[in-house]
Amino acid sequence: MGVEERYKKVAAEVAEVCRAAGRDPREVRVVAVSKTVGPEAVGEALVAGAHDFGENRPEGLVQKAAVYPQATWHFIGNIQSRRIPDIVGSAALIHSLFEERHARKIDEAARAAGKIQDVLLEVNVSGEASKSGRTPADVRELLEVCTALPNVRVRGLMTMAPRGDAATARETFEGLARLRDELRAGLDAEQAAAFDGLSMGMSEDWREAVAAGATIVRIGRAVFDDAFEK
Ligand SMILES: *Cc1c(COP(=O)(O)O)cnc(C)c1O
C-alpha cells in the first residue's frame, strides 16, 4: 500500500470508529503527521484527501508549508523561543504550548504577523517523567495567562498517552476530556466556545482517543510508514 491508500484507509476507519462511538465523523479532524517524510509524500496524502498536516520541527513546518500553502499546518513539537516567529508564520494551530514565556512570545509574534494564533495547551496527564506538558493542576494558571493575551486564542488541550496499553491510554484521554470540561466552565462565553478542542491519539491509540472525545487525532506512521500495522 502507498500513502494514498493508507490515508484513505485511516480516514475511513476514523469515520467508522466515530460512528461506532455515536459521534459525527465531522467532529474529528485527522492531522497527518509528516515529520518523517518529504514533500512528495505530503503531495500523495493531499491527493488522497488529506488537508491537515503536523510537523514537530520548525524547519520541516516552514519548508513543507511553503510547498503546500493550501494545506492546514499544525505544529506539534518542542517550542524554542527563537523559532517562535517561524512557527507562528506557518502554523494554523500550535498543539504543544505549556510554558508561559512561550505564550507571551507567541502573542508578540502573532501581533507582528497581524494574526490571532490558535493554540492548544499541552498537558502531561499520565505524569510520566519523559513527557512534556503542564501538570493537570497547573493548566488553569497558564490558561489564565493566555486568555489575557490579545493575539493568542486557546482552542483546547493536547496530550500524549503512555505507550503500550489501551486501557491506560483510554484513562489518559478521558482525564484530558474531563480537564477540558472543568476548565471550560470557568471561561466566559466567547472563550468557552473556542475552547472545545482535544488533540489526542496517534497511530497506535487513536481509537481510544476517539472513544474518549478527541476532536483531533495526530497520525504519522499509519499514513506514512509502509511497515506500520495495527
Ligand atoms: C510523531 C508524533 C505523532 C504521530 O505519531 P505516530 O505514532 O507516528 O502516529 C503524534 N503526535 C506527536 C506530538 C508526535 O511527535
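The values are calculated or read from the model by the stated rules, or taken from the named source; none is laboratory data. Computed from a predicted model, the values in this text were never measured in an experiment. Using ideal geometry, Cβ is built from the backbone for each residue, glycine included, and neighbour counts are taken over all protein chains shown.
Within the stretch 70-79, restricting attention to residues that are away from the ligand (no atom under 15 Å from the Cβ) and not β-branched (Val, Ile, Thr), which residue is surrounded by the most Cβ atoms within 10 Å (Cβ to Cβ)? Let's see the steps before the verdict.
Step one: of the stretch 70-79, the residues away from the ligand (no atom under 15 Å from the Cβ) are 70-72.
In the following step, the residues that additionally are not β-branched (Val, Ile, Thr) were identified as 70-71.
Working: Gln70: 8, Ala71: 20.
Only one residue tops the list, namely Ala71.
Could you tell me whether Glu171 is under 23 Å from Ala20 (Cβ atoms), more than 15 Å from the ligand (Cβ to nearest atom) and modelled with pLDDT of 95 or more?
On the way: under 23 Å from Ala20 (Cβ atoms): yes; more than 15 Å from the ligand (Cβ to nearest atom): yes; modelled with pLDDT of 95 or more: yes.
Criteria met by Glu171.
Considering only the stretch 213-230, state which residues are in a loop (DSSP other than H, G, I, E, B) and within 11 Å of the ligand (Cβ to nearest atom).
Taking the stretch 213-230 as the starting set, the residues that turn out to be in a loop (DSSP other than H, G, I, E, B) are 213-215, 220, 225-230.
Gly220, Asp225, Phe228, Lys230 - these are the residues of the stretch 213-230 that are in a loop (DSSP other than H, G, I, E, B) and within 11 Å of the ligand (Cβ to nearest atom).
Look at the stretch 22-43 and say how many of its residues are more than 14 Å from the ligand (Cβ to nearest atom), in a loop (DSSP other than H, G, I, E, B) and within 20 Å of Gly2 (Cβ to Cβ). Summing the residues that are more than 14 Å from the ligand (Cβ to nearest atom), in a loop (DSSP other than H, G, I, E, B) and within 20 Å of Gly2 (Cβ to Cβ) in the stretch 22-43 gives 1.
You will find that of Ala45, Ala41, Ala50, Ala110, the residue that is crowded, with 16+ Cβ neighbours inside 10 Å, touching a helix residue (DSSP H, G or I) at 6+ places or on another chain (Cβ under 6 Å), more than 20 Å from Gly220 (Cα to Cα) and touching a residue at least 40 places away in the same chain (Cβ under 8 Å) is Ala110 and no other. Under the condition of being surrounded by fewer than 20 Cβ atoms within 10 Å (Cβ to Cβ) and under 20 Å from Met158 (Cβ atoms), the residues counted in the stretch 27-38 number 4. One residue alone among Arg207, Arg140, Arg163 is touching a residue at least 24 places away in the same chain (Cβ under 8 Å) and buried (at least 19 other Cβ atoms within 10 Å of the Cβ), and that residue is Arg207. So which of Leu46, Leu93 is at pLDDT 95 or above, within 16 Å of the ligand (Cβ to nearest atom) and of a type in the set (A, V, I, L, M, F, W, C)? Of Leu46, Leu93, the one residue that is at pLDDT 95 or above, within 16 Å of the ligand (Cβ to nearest atom) and of a type in the set (A, V, I, L, M, F, W, C) is Leu93. All conditions but one from (1) away from the ligand (no atom under 16 Å from the Cβ); (2) touching a residue at least 12 places away in the same chain (Cβ under 8 Å); (3) in contact with a helix residue (DSSP H, G or I) (Cβ under 9 Å, 6 or more places away or on another chain) apply to Ala185; the one that does not is (2). For the stretch 119-132, the criterion of being touching a helix residue (DSSP H, G or I) at 6+ places or on another chain (Cβ under 9 Å) and more than 24 Å from Val210 (Cα to Cα) is met by no residue.
Does Glu128 satisfy the criteria of being surrounded by fewer than 20 Cβ atoms within 10 Å (Cβ to Cβ) and either closer than 30 Å to Gly164 by Cα or in contact (Cβ under 8 Å) with a residue 60 or more places away in the chain (or both)?
Details: surrounded by fewer than 20 Cβ atoms within 10 Å (Cβ to Cβ): yes; either closer than 30 Å to Gly164 by Cα or in contact (Cβ under 8 Å) with a residue 60 or more places away in the chain (or both): yes.
Here the answer is yes, as Glu128 does meet what is asked.
One residue alone among Asp188, Asp205, Asp226 is among the acidic types (Asp, Glu) and closer than 21 Å to Leu46 by Cβ, and that residue is Asp226.
Taking residues in the stretch 1-25 that are of a type in the set (Gly, Ala, Ser), and partners anywhere that are part of a helix (DSSP H, G or I) and crowded, with 17+ Cβ neighbours inside 10 Å, the pairs with Cβ atoms closer than 7 Å and at least 6 places apart or on different chains are Gly2/Glu44; Ala21/Val210; Ala21/Ala211.
Residues in the stretch 189-204 that are within 14 Å of the ligand (Cβ to nearest atom) and under 11 Å from Met158 (Cβ atoms) were compared, and the one that is surrounded by the most Cβ atoms within 10 Å (Cβ to Cβ) is Met200.
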